[in-house]
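Please treat every number below as a calculation from the coordinates, not as lab data. Since this is a predicted model, take the numbers as computed values, not measurements. Positions of Cβ are generated from backbone atoms using ideal geometry, with glycine treated the same way; all protein chains shown enter the neighbour counts.
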Amino acid sequence: MTAIVDVATYVPRQVPLAERQTELGISDQDLRRYSRAFGYEQVCYDPSQTEAQILLGAARALPGLAGHEHRVRYVLRPRTIRSASPYPHSPLREVTDALGLGSAQAFAVTEQACAAGLLALDTAGALLAADPDPEALALVLVGEKTYGTVGQLIPGMAVLGEATAAVLVAADGDRDVLLGYSATITPIPGSGLTMDGPAVAAFGAVYGSTLAAVVDEALTAAGLRAEDLALYLPHNINKMLCQRTASNLGLRRDQVVTDNIARTAHCWGADTFLNYRTAVDTGRLAPGDHYLMTSVGLGATFAAAVLRH
């Protein structure tokens, strides 16, 4: 079964959200809502760093990569913004060259917005399962540069940050094994990073029930029930919504990792892996624990994964 070998993260400069209020056009009322209800305090934002640099920051922190570069067959780049730079410049190629992974197959995974990170994890496992080399590895590089206001704020919903994660994946392993994955696409007309009013209403109307459905499918695939979960690692859209989802699953508040919402804001598809790193580093996952990851991408894609630590 697909297994996570290592996860490393990179957190660029953290800026108080209040310092970015004018630049992002956030009203005083919305600033209070983002802070008090959503849980945002700081946002990762460093205009001096390129996308390649923030991805390299995570990849170079992976303890399992150094000395094993020759085993990496695939490099997957899940992303929400389809193009990170003008052709022919490629931040992904810049990263693979810097890491000595020039012979690996490197490609983007897109069209599922922030849910693409979990899709990339599942895809990496499928590629490795079909690879004739049992020692082959895949590297997933997730998180994005926030170019322009449209990439830094989803009005009324989320503030976007630039923290990244690097995930090393194997076809098999004895820890952090992917037991179940499910995703579904529910078209929301008029949706995008700047959703119009009807799109926001339509998204809100299907959010809870659709996410619950994919979680149930992932749990069923894993042969588990919600009460078997030790921890929930959500995407960091906002603290209130994460806790509501957990409550609907019958989980306690202390079973939800929301620490990073205040530190990083919503960092695209990297959120669940940032939360994984926090959970491990703070001793909240014990060997054998089952945990849930979820992510939702505008458009809309709903994804859930169940793993065993």
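Ordering Thr22, Ala166, Thr184 by the projection of their Cα atoms onto the charge dipole of the chain, which places +1 on the Cβ of Lys and Arg and -1 on the Cβ of Asp and Glu, puts Thr22 at the extreme positive end. For segment 177-308, a simple Cβ point-charge model (Lys and Arg +1, Asp and Glu -1, everything else neutral) yields a dipole of about 220 debye relative to the Cα centre. If you run the Gaussian network model on the chain, springs between alpha carbon atoms under 10 Å, then out of His235, His89, His290 the most flexible one is His89. Prolate is the label for segment 1-77. Its Cα gyration tensor axes, ordered a ≥ b ≥ c, give a/c of at least 1.5 and a/b above b/c.
Comparing Cα centroids, segment 227-284 and segment 91-121 end up 24 angstrom apart.
About the centre of its Cα atoms, segment 37-136 shows a dipole size close to 120 debye [charges on the beta carbon of Lys, Arg (+1) and Asp, Glu (-1) only; nearest 20 debye]. Counting only Cα atoms, the size of the chain along its three principal axes is 55, 47, 37 Å, in decreasing order.
Out of every Cα-Cα pair that segment 55-184 contains, those further apart than 20 angstrom amount to 46 percent.
DSSP bridge analysis restricted to segment 177-308 gives an antiparallel fraction near 75%, rounded to the nearest 5.
Comparing mean-square fluctuations of Ala166, Ala230, Ala265 from a GNM of the chain with C-alpha springs under 10 Å, the top value falls on Ala230.
The local environment of Ala116, defined by Cβ-Cβ distances under 14 Å, has a net charge of -1 under the rule Lys, Arg +1 and Asp, Glu -1.
Computed from label points 7 Å out along Cα-Cβ, the spacing between Thr282 and Ser103 is 4.2 nm. Debye-formula intensities of segment 177-308, expressed as log10 I(q)/I(0) at q = 0.13 Å⁻¹, are -0.51 (one equal scatterer per alpha-carbon, no solvent).
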